[in-house]
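The values are calculated or read from the model by the stated rules, or taken from the named source; none is laboratory data. Computed from a predicted structure; not experimentally measured. Counting neighbours? That spans all protein chains shown, and the Cβs are built from the backbone with ideal geometry, glycine included.
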Amino acid sequence: MQVDLQKQVQDLFENSYGTLNHLASVRRFFSPGRINLIGEHIDYCGGLVFPATVQFGT
């Protein structure tokens, strides 16, 4: 994650829930998005798929 995005997320969290105490550690995670070019919803049935990751995520 980019530093400015990390700061925005931390500010949003602190505005919503308050600041963490000094004993709590802050951990951030990023999950990239996935698109299926072919084979939507058949990979878990043993079918062939052609997925790709994208830089957008949650």
Q: Scan (1) aliphatic (A, V, I, L, M); (2) surrounded by 10 or more Cβ atoms within 10 Å (Cβ to Cβ); (3) not in a helix (DSSP H, G or I) for the single condition VAL54 breaks and write down its number.
A: (2)
Q: State yes or no: is VAL49 touching a helix residue (DSSP H, G or I) at 6+ places or on another chain (Cβ under 6 Å) and not basic (Lys, Arg)?
A: yes
**Q.** Test set (1) among the acidic types (Asp, Glu); (2) surrounded by 10 or more Cβ atoms within 10 Å (Cβ to Cβ); (3) not in a loop (DSSP other than H, G, I, E, B) - GLU40 fails condition number
**A.** (3)
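Which residues, taken from the range 25-58, are of a type in the set (Ser, Thr, Tyr) and over 10 Å from the mean Cα position of the chain (by Cα)?
The first filter runs over the range 25-58 and keeps only residues of a type in the set (Ser, Thr, Tyr), leaving 25, 31, 44, 53, 58.
Result: SER25, TYR44, THR53.
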Q. What residue, among those in the range 19-44 that are aromatic (Phe, Trp, Tyr) and without any contact (Cβ under 8 Å) to a residue 24 or more places away in the chain, is nearest to PHE56 (Cα to Cα)?
A. PHE29
Q: Being at pLDDT 80 or above and exposed (fewer than 10 other Cβ atoms within 10 Å of the Cβ) is the filter; apply it to the range 1-18 and report the residue that is nearest to PHE56 (Cα to Cα).
A: ASP4
